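Data first, discussion second: the structure below is written as C-alpha cells.
The values are calculated or read from the model by the stated rules, or taken from the named source; none is laboratory data. Only a predicted model underlies this, so the values are computations on that prediction, with no experimental measurement involved. Glycine gets a Cβ as well: all are built from the backbone with ideal geometry, and neighbour counts include every protein chain shown. Note: areas computed on protein heavy atoms with side chains; ligands, DNA, RNA excluded. Shrake-Rupley method; radii C 1.70, N 1.55, O 1.52, S 1.80 Å.
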Amino acid sequence: MRILSGIQPTGRFHWGNYFGAIQQYVQLQGNPDEAFYFIANLHALTTVRDKERLKEMTYDAVLDLLGLGLDPEKATLFVQSDVPEVSELTWLLMTCTPMGLLERCHAYKEKKARGLSADMGLFGYPVLMAADILAYDSNLVPVGEDQKQHVEVARDIASSFNYLFGETFVLPKERILDTSARVPGTDGEKMSKSYNNTLTVFEEVKPQRKKIMRIVTDSRPMEEPKDPETDPLYLLYKLFATEEQRQEMAELYQRGGFGYGQIKKALADISEEYFAPARERRARFAANRKEVLEILDAGARRARKKAREVLSRAQENCGVPVRE
C-alpha cells in the first residue's frame, strides 16, 4: 500500500493546513504503509513568478514538514522538480486526456467564470497532478473533500491510457481527510491565505499572541451564557485541548460571566505549548542545512527509482521506449 500526497509552497503553513491535512499526513506515515510526500513547486509556478521567493518557500515548506513530524525514516520526502520523470510522464498522459475533462476542472472553471484569463499551466495542471499520483503506483491519495476531483481525474486519465495501450497504471483511490475540525481564521471565516486571516504554525510567539488578542469577537455582555460551538475562539481552543480542558472551557461558556480576553490568553498559551516541540525540531533542522539536503537527496533517489520504473512501463506500452 503506497500513500502519496503533495503540498504547494505558496506560503507558510497555517493552523488550517496543519489540522486539515499535515497532522493526518504524519499519522499516516510508516507502519504498515509506504508514504511519499512532496513539495509541489512545479504546481506553484502557476502563481509564484519570483524565482528566489519560490526557492525560499520550497525550502521553508520542507523545514515546516520536518518540524511538524514527517519522519524521513518512515516517509519519503522530496521536492517535485527533483523527479524529472514526472514531467516526462505528463506529456504521455496529455496525449490521451480529453479537453472536455480539463474544461470541467474546478480551478479552471472558477477562473473563467470570474472573467479572468487562464494560462496553460492552470488549464493543464490536472494532468501534471495525475502524473504526480500515477508515477509512484500510488494506491491512496489523502485529500480534502473539495480536492476529490483531482484523484478522479487521475483515474480517468489512467483508465484512458490503459484502454489505449494496455494495463500500465495502478488506479488510485482517494482517502478523504477528516476535516470535521473547523479551523476559523482571525475574522471568524474559514482560515485561508486568500482571506488574509491566518495564524501560521511557526510565526514568532509574540507577534502571534498579538494577532490572537485581536481576533474578532461578538459584543454580547460578559455575563450572558454562550454556546461554545458557535464561537471561533472556542473552536480554535478545542483543536489543541484535551477532552478535560475542552469540557472545562465549554462549561465556562455555558455559565457566562467571563471576558473574551481570558479565552484569548488561554488560546495563546495552549497553542504555544502545543507547537513548542515542533518549533524545537524545526530550529534544529534549520541549523543543519546539510542534513536537510541529504534527506531531500535520499527522498528524490527513492522517488526517481519508482518513477523511472513506471515511466519506462508507460513508454514501452505506448511505443516510445528510451534506449539506454
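Is it true that residue 79 is in contact (Cβ under 8 Å) with a residue 24 or more places away in the chain and in contact with a Phe, Trp or Tyr (Cβ under 7 Å, 6 or more places away or on another chain)? Yes; evaluated as a whole, the condition is true for this residue. Flag not set for residue 102, criterion: more than 26 Å from residue 198 (Cβ to Cβ), touching a Cys at 6+ places or on another chain (Cβ under 9 Å) and in a helix (DSSP H, G or I). Residue-level analysis places residue 161 among those that are under 30 Å from residue 317 (Cβ atoms), touching a helix residue (DSSP H, G or I) at 6+ places or on another chain (Cβ under 8 Å) and among the hydrophobic types (A, V, I, L, M, F, W, C). Within the range 171-192, does at least one residue satisfy the condition of being more than 26 Å from residue 14 (Cβ to Cβ) and either open to solvent by 10 Å² or more (accessible area, probe 1.4 Å) or of a type in the set (A, V, I, L, M) (or both)? Yes, the range 171-192 has at least one match.
On the stretch given as the range 1-24, residues that are of a type outside the set (A, V, I, L, M, F, W, C), surrounded by fewer than 22 Cβ atoms within 10 Å (Cβ to Cβ) and touching a helix residue (DSSP H, G or I) at 6+ places or on another chain (Cβ under 8 Å) total 6. Scanning the range 194-232 for residues that are assigned to a loop (DSSP other than H, G, I, E, B), charged (D, E, K, R) and open to solvent by less than 90 Å² (accessible area, probe 1.4 Å) returns 203, 218, 220, 224, 226, 227, 231. For the residues 88, 152, 167, 110, the requirement of being within 30 Å of residue 32 (Cβ to Cβ) and outside any loop (DSSP other than H, G, I, E, B) singles out 152. Of the residues making up the range 260-277, none is within 22 Å of residue 71 (Cβ to Cβ), modelled with pLDDT of 95 or more and in contact with a strand residue (DSSP E or B) (Cβ under 8 Å, 6 or more places away or on another chain).
Before we move on, is residue 63 assigned to a loop (DSSP other than H, G, I, E, B) and either under 14 Å from the mean Cα position of the chain (by Cα) or farther than 24 Å from residue 139 by Cα (or both)? No. Of all residues assigned to the range 276-287, at least one qualifies as being farther than 28 Å from residue 239 by Cβ and open to solvent by 60 Å² or more (accessible area, probe 1.4 Å). Are any residues in the range 27-61 surrounded by fewer than 19 Cβ atoms within 10 Å (Cβ to Cβ), of a type in the set (A, V, I, L, M, F, W, C) and more than 17 Å from residue 12 (Cα to Cα), and if so, which ones? Scanning the range 27-61 gives a single hit, 28. The residue of the range 129-165 that is most open to solvent (accessible area, probe 1.4 Å), among those that are over 18 Å from residue 99 (Cβ atoms) and of a type in the set (A, V, I, L, M, F, W, C), is 165. Just give me the residues in the range 117-128 being open to solvent by 30 Å² or more (accessible area, probe 1.4 Å) and either among the aromatic types (Phe, Trp, Tyr) or not in a helix (DSSP H, G or I) (or both), in sequence order. Once the filter is applied, which keeps residues that are open to solvent by 30 Å² or more (accessible area, probe 1.4 Å) and either among the aromatic types (Phe, Trp, Tyr) or not in a helix (DSSP H, G or I) (or both), the range 117-128 yields 117, 118, 119, 125. Among all positions in the range 105-116, there is no residue which is buried (at least 18 other Cβ atoms within 10 Å of the Cβ) and among the aromatic types (Phe, Trp, Tyr). Of the numbered criteria (1) farther than 28 Å from residue 264 by Cβ; (2) open to solvent by less than 30 Å² (accessible area, probe 1.4 Å); (3) out of contact with any helix residue (DSSP H, G or I) (no Cβ under 6 Å at 6 or more places or on another chain), the one residue 168 fails is (3). Assigned to a helix (DSSP H, G or I) and surrounded by fewer than 15 Cβ atoms within 10 Å (Cβ to Cβ): is that true of residue 306 in this structure? Here the answer is no, as residue 306 does not meet what is asked.
Conditions tested, residue by residue: (1) in contact with a Ser or Thr (Cβ under 8 Å, 6 or more places away or on another chain); (2) in contact (Cβ under 8 Å) with a residue 40 or more places away in the chain.
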residue: 108; (1), (2): no, no
residue: 121; (1), (2): yes, yes
residue: 142; (1), (2): yes, yes
residue: 160; (1), (2): yes, yes
residue: 168; (1), (2): no, yes
residue: 184; (1), (2): no, yes
residue: 196; (1), (2): no, no
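The sole residue among 252, 235, 239 that is free of Cβ contacts under 8 Å to residues at least 40 places away in the same chain and in a helix (DSSP H, G or I) is 252.
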